[in-house]
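Novice: I have a structure I would like to understand better, so I am pasting it below and will then ask my questions one at a time.
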Amino acid sequence: MKDQIIIRTIHKNQLIIKLLNLFTLSYFIMPILVLWGFMDIVMEEGLKGLLKFALVAVCVVCLLITSKILKKVEKNLKCFIGENVIKEIISEKIEVQAYEATNMISQKSIKAAGITPSYDRITGSDYIKGCYHGQIIEYCDIKMEQEHESTDDDGHTSTTWVTVFQGPFMRIPLSKELNGYIKILERKSKRRKASFIADLINSAFNKKETSIELENEAFNNKFQVKTSNEELTFYILTPQFMENIMKADEYADGYTNISFINGAANIAIHNGKDAFEIKKTMYGKKRLEESRANMRRDLDIILAIVDEILQKDRLFHE
């Protein structure tokens, strides 16, 4: 598809989305109308009150219709960008076998990886399955949220959704099952003696899983390693591999978790953003090329980690 058509289509849909978002702001007027109508009824101006309630009902119906249209336009725009921009960028490095703009890796596979937090709801996009350097990989962006309830001094309970993970998730099938598993979890702060002792206590209660220290002190400060097989851990986490993972993690600009478990190598990068997104209003060729450059950078960050994982050739080929 020609760039001018892509630019025009994206720009048009972005404007529609902005207008629909502005219309939904009418939601904040409804409580005022309800209160105003109730006061009119109390003051024996029933007709005025009923008219205001009727206006609220109309606004509610309009809001529901607008919200439905908004979701449809956003989904259509996401699919259009995916098929006409994102897929083209991905195909420069990956032999794409499947791409679905609004789909994700199965929740079963994500949970089986053991490197993401618990969640109450999850959304995902940009599902990719393809061949990279002769190896099948799966990719998607995911956002995980937990539901939190809080009660104020007056006893009123409110619910909020807190994001506990947002970023890319990748799955690379292994050629064989491992005799155990390894989880490499990036620390949010440097290792301290107290946390190290806590790890030993936790390991004592969980006989199948052990937190271990490696010879690379910088790696130990940056990552926690949990395993069910220490021999397997030292086989995979060679000095060179640890150095390469630390370098790739710096490039990723987020918290990197990796696991070798359940027949796959898994990578989760909590960087607080979705890759392959066009957030700025599309005005012309220059803006489209900027967006493509950003997407190429996102892809390079993702593949930098994959490149290091794939160095363990014997895990992926018989």
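Novice: Looking at (1) assigned to a loop (DSSP other than H, G, I, E, B); (2) without any contact (Cβ under 8 Å) to a residue 60 or more places away in the chain; (3) within 30 Å of residue 7 (Cα to Cα); (4) acidic (Asp, Glu), can you tell me which one residue 215 breaks?
Specialist: Exception for residue 215: condition (3).
Novice: If we keep just the residues of the stretch 271-318 that are of a type in the set (Phe, Trp, Tyr) and outside any helix (DSSP H, G or I), which is farthest from residue 125 (Cα to Cα)?
Specialist: First pass over the stretch 271-318, keeping only residues of a type in the set (Phe, Trp, Tyr): 276, 283, 316.
Now narrow it down to the ones that are outside any helix (DSSP H, G or I): 276, 283.
On the way: 276: 10, 283: 25 Å.
Ranking the qualifying residues of the stretch 271-318, first place goes to 283.
Novice: Is at least one residue of the stretch 136-145 touching an Asp or Glu at 6+ places or on another chain (Cβ under 8 Å), assigned by TED's automatic domain parsing to the domain that holds residue 305, part of a strand (DSSP E or B) and not charged (D, E, K, R)?
Specialist: Start the filter on the stretch 136-145 by keeping residues that are touching an Asp or Glu at 6+ places or on another chain (Cβ under 8 Å), which leaves 139-141, 143, 145.
After this cut, where a residue has to be assigned by TED's automatic domain parsing to the domain that holds residue 305 as well, the list is 139-141, 143, 145.
Filter again for part of a strand (DSSP E or B), leaving 139-141, 143, 145.
Going one step further and asking which of them are not charged (D, E, K, R), we end up with 139-140.
Within the stretch 136-145 (the criterion being touching an Asp or Glu at 6+ places or on another chain (Cβ under 8 Å), assigned by TED's automatic domain parsing to the domain that holds residue 305, part of a strand (DSSP E or B) and not charged (D, E, K, R)), the answer is yes, since at least one residue qualifies.
Novice: Scan the stretch 126-159 for residues that are among the polar types (S, T, N, Q) and modelled with pLDDT under 90 and jot them down. Working first, answer last.
Specialist: In the first step, residues of the stretch 126-159 are kept if they are among the polar types (S, T, N, Q); the result is 135, 146, 150-151, 157-159.
Scanning the stretch 126-159 gives 150, 151, 157, 158, 159.
Novice: Kindly indicate whether residue 108 is closer than 24 Å to residue 260 by Cα and not in a loop (DSSP other than H, G, I, E, B). Before you say what the answer is, go through the steps one by one.
Specialist: Numbers: closer than 24 Å to residue 260 by Cα: yes; not in a loop (DSSP other than H, G, I, E, B): yes.
It is true that residue 108 is closer than 24 Å to residue 260 by Cα and not in a loop (DSSP other than H, G, I, E, B).
Novice: Could you list, in sequence order, all residues of the stretch 61-73 that are surrounded by 16 or more Cβ atoms within 10 Å (Cβ to Cβ) and under 17 Å from residue 124 (Cβ atoms)?
Specialist: none
Novice: Quick one: residue 154 ticks every box in (1) loosely packed, with under 14 Cβ neighbours inside 10 Å; (2) not in a loop (DSSP other than H, G, I, E, B) except a single one, so which number is it?
Specialist: So the condition that residue 154 fails would be (2).
Novice: Among the residues of the stretch 157-180, which ones are touching a residue at least 12 places away in the same chain (Cβ under 8 Å), part of a strand (DSSP E or B) and not hydrophobic (A, V, I, L, M, F, W, C)? Full working, then the answer.
Specialist: Narrowing the stretch 157-180 to residues touching a residue at least 12 places away in the same chain (Cβ under 8 Å): 159-180.
Narrowing further to those that are part of a strand (DSSP E or B): 159-173.
Within the stretch 157-180, 159, 160, 163, 166, 167, 168, 171, 173 meet the criteria.
Novice: In the set 236, 269, which member is at pLDDT 90 or above and hydrophobic (A, V, I, L, M, F, W, C)? I'd like the intermediate steps shown before the answer.
Specialist: Details: 236 fails: at pLDDT 90 or above.
Of 236, 269, the one residue that is at pLDDT 90 or above and hydrophobic (A, V, I, L, M, F, W, C) is 269.
Novice: Across the stretch 146-171, what is the total count of residues that are in contact with a Lys or Arg (Cβ under 8 Å, 6 or more places away or on another chain), hydrophobic (A, V, I, L, M, F, W, C) and under 20 Å from residue 126 (Cα atoms)?
Specialist: Here is the first cut: in the stretch 146-171, the ones in contact with a Lys or Arg (Cβ under 8 Å, 6 or more places away or on another chain) are 147, 161, 163, 165-167.
Filter once more, so that each one left must be hydrophobic (A, V, I, L, M, F, W, C): 161, 165.
Filter again for under 20 Å from residue 126 (Cα atoms), leaving 165.
So the answer is 1.
Novice: Next question, about the same structure. Cβ-Cβ distance below 6 Å, separation of 6 or more or different chains: which pairs start in the stretch 268-289 with a residue that is in contact (Cβ under 8 Å) with a residue 60 or more places away in the chain and end on one that is assigned to a loop (DSSP other than H, G, I, E, B) and polar (S, T, N, Q)?
Specialist: 268/116
Novice: Would you be able to say whether some residue in the stretch 265-288 is buried (at least 21 other Cβ atoms within 10 Å of the Cβ), within 23 Å of residue 166 (Cα to Cα), touching a Lys or Arg at 6+ places or on another chain (Cβ under 7 Å) and not aromatic (Phe, Trp, Tyr)?
Specialist: yes
Novice: Another question, then. With the structure loaded, tell me whether residue 173 is surrounded by 19 or more Cβ atoms within 10 Å (Cβ to Cβ), modelled with pLDDT under 95, under 22 Å from residue 260 (Cβ atoms) and of a type outside the set (Gly, Ala, Ser) or whether it fails that test. Walk me through it before giving the result.
Specialist: Details: surrounded by 19 or more Cβ atoms within 10 Å (Cβ to Cβ): no; modelled with pLDDT under 95: yes; under 22 Å from residue 260 (Cβ atoms): yes; of a type outside the set (Gly, Ala, Ser): yes.
It is false that residue 173 is surrounded by 19 or more Cβ atoms within 10 Å (Cβ to Cβ), modelled with pLDDT under 95, under 22 Å from residue 260 (Cβ atoms) and of a type outside the set (Gly, Ala, Ser).
The values are calculated or read from the model by the stated rules, or taken from the named source; none is laboratory data. Just so we're clear, the structure is a prediction, and the values are computed from it rather than from any experiment. Please note: Cβ atoms are built from the backbone with ideal geometry, for glycine as well, and neighbour counts cover all protein chains shown.
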